[in-house]
Amino acid sequence: ELKVEQNPLFLSMQEGKNYTIYCNYSTTSDRLYWYRQDPGKSLESLFVLLSNGAVKQEGRLMASLDTKARLSTLHITAAVHDLSATYFCAVDIRNDYKLSFGAGTTVTVRA
Amino acid sequence: GAGVSQSPSNKVTEKGKDVELRCDPISGHTALYWYRQSLGQGLEFLIYFQGNSAPDKSGLPSDRFSAERTGGSVSTLTIQRTQQEDSAVYLCASSFERGVPGANVLTFGAGSRLTVL
């Protein structure tokens with residue numbers, strides 16, 4: 001059974017500092033997705049990582065994928081308040097677009 | 001439409017009643033998914049529709065759950081004889097047909113929050 005584990009589950013960030021969220025998964029896959037969810041809102045697609053070594057960057061967020069280690073990281077540079085949200089990683093192990101999600105990392109950025 | 005539309009946004013029902021949740025996907029998206037998000041949990045896959053193919057129902061938790069998609073567009077998720085453990089946010093997502101560029105990006109609706117008393 002595929003397990004997708006995120007850590008930490010809760011992350012209190014200080015504005016201006018750098019942080020990393022980790023996503024480990026238990027079965028081989030080269031399709032990994034990061035989503036953001038604001039309270040009461042739908043999930044917003046952030047990154048699609050489709051190969052080993054893939055790196056995507058958007059603003060203060062950068063995601064990478066190491067398929068051999070079964071690990072993806074979401075790196076936040078110089079955190080700002082509007083990055084407060086819950087971040088989910090999701091894995092597609094059978095290339096059938098049925099995503100298995102991690103439990104989510106709730107990020108709070110404080111001044 | 002511009003996005004995935006779900007209704008109702010909130011539904012409170014009594015244990016044992018049936019509920020229907022509706023999803024209107026993005027125009028042109030042939031793939032449609034239902035996920036469930038329980039309090040403090042990640043998202044749980046329920047069912048997947050792709051074009052005219054038979055739906056993948058492998059994620060439905062019990063035979064009280066069913067879904068249909070009419071005309072390849074709007075989908076309805078029905079929960080019969082609701083139980084308290086059915087309380088969750090039910091999320092619908094749609095995407096392009098598999099193999100089409102961008103097919104692997106799911107666009108989610110805002111969800112239908114179901115509370116079973």
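Within chain A, what is the longest stretch that has no GluC sites (Glu not before Pro) placed in a DSSP loop and near at most 15 other beta-carbon atoms within 10 Å?
On the way: sites that count: A:GLU1, A:GLU15.
Longest gap between qualifying sites, sites excluded: A:16-111.
Taking the Cβ-Cβ separation of B:SER87 and A:MET62 as r and a Förster radius of 30 Å, what is the calculated FRET efficiency to the nearest 0.05? Mind showing how you got there, number by number?
Details: r = 37 Å, r/R0 = 1.22.
Calculated value: 0.25.
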Problem - Other protein chain Cβ atoms within 10 Å, averaged over every residue that makes up B:105-116 - result: 3
Fill in the blank from the handout: At the level of C-alpha centres, the distance separating the stretch A:35-52 and the stretch B:18-33, in angstrom, is 19
Practice task
Beyond 24 Å, what share of the Cα-Cα pairs of chain B is found? Please give it as a whole percent.
Solution key: 20
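Give the calculated FRET efficiency between A:ARG110 and B:ARG22 to the nearest 0.05, with a Förster radius of 35 Å applied to their Cβ-Cβ distance.
Efficiency computed from Cβ-Cβ geometry: 0.35.
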Exercise for the section: Could you state, as a whole-number percent, how many of the C-alpha pairs of the protein assembly as shown are farther apart than 33 Å? Expected result: 17
Completion exercise
Between chains B and A, the summed loss of accessible surface on complex formation, probed at 1.4 Å and reported to the nearest 100 square angstrom, is 1500
Fill in the blank from the handout: Farthest towards the positive end of the dipole of chain A, among A:THR73, A:VAL107, A:GLN57 and with Cβ unit charges of +1 on Lys and Arg and -1 on Asp and Glu, lies the Cα of A:THR73
Fill in the blank from the handout: About its Cα centre, the stretch B:5-116 carries a charge dipole, from +1 on Lys and Arg Cβ atoms and -1 on Asp and Glu Cβ atoms, whose size in debye to the nearest 20 is 120
Handout entry: Positive minus negative residues near B:VAL74 (Lys, Arg vs Asp, Glu; Cβ under 15 Å)
Key = -1
Exercise for the section: Report in % the part of the accessible area of the protein assembly as shown that belongs to carbon and sulfur, leaving out ligands and nucleic acids; probe 1.4 Å. Expected result: 47
Handout entry: Gaussian network model of chain B, springs between alpha carbon atoms under 10 Å - residue of B:LEU77, B:LEU21, B:LEU43 with greatest fluctuation
Key = B:LEU43
Fill in the blank from the handout: Placing each pseudo-label 7 Å from Cα in the direction of the beta carbon, A:ARG94 and A:HIS75 end up separated by a distance in nanometres of 3.5
Handout entry: At least 50 Å² of accessible area lost relative to the chain alone, listed for the stretch B:22-71 with a 1.4 Å probe
Key = B:LEU43
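If you scale each eigenvalue of the Cα gyration tensor by 5 and take the root, what three semi-axes come out for the stretch A:4-110, rounded to whole angstrom and sorted largest first? Don't skip to the end; give the middle numbers.
Numbers: eigenvalues 101, 41, 27 Å².
Rounded to whole Å, the semi-axes are 22, 14, 12.
Taking the Cα centre of the stretch A:4-110 as origin and charging only Cβ (+1 Lys, Arg; -1 Asp, Glu), how large is the dipole, in debye to the nearest 20? Mind dumping the intermediate values first?
Details: 11 positive and 10 negative charges, 21 e Å.
Result for the stretch A:4-110 is approximately 100 debye, rounded to the nearest 20.
The values are calculated or read from the model by the stated rules, or taken from the named source; none is laboratory data. As the structure is a computational prediction, the values presented were derived from the model and not from experiment. Don't worry about glycine lacking a Cβ; one is built from the backbone with ideal geometry, like all the others, and counts go over all protein chains shown. Ligands, DNA and RNA are excluded from the accessible area calculation, which covers all protein heavy atoms including side chains. Shrake-Rupley method; radii C 1.70, N 1.55, O 1.52, S 1.80 Å.
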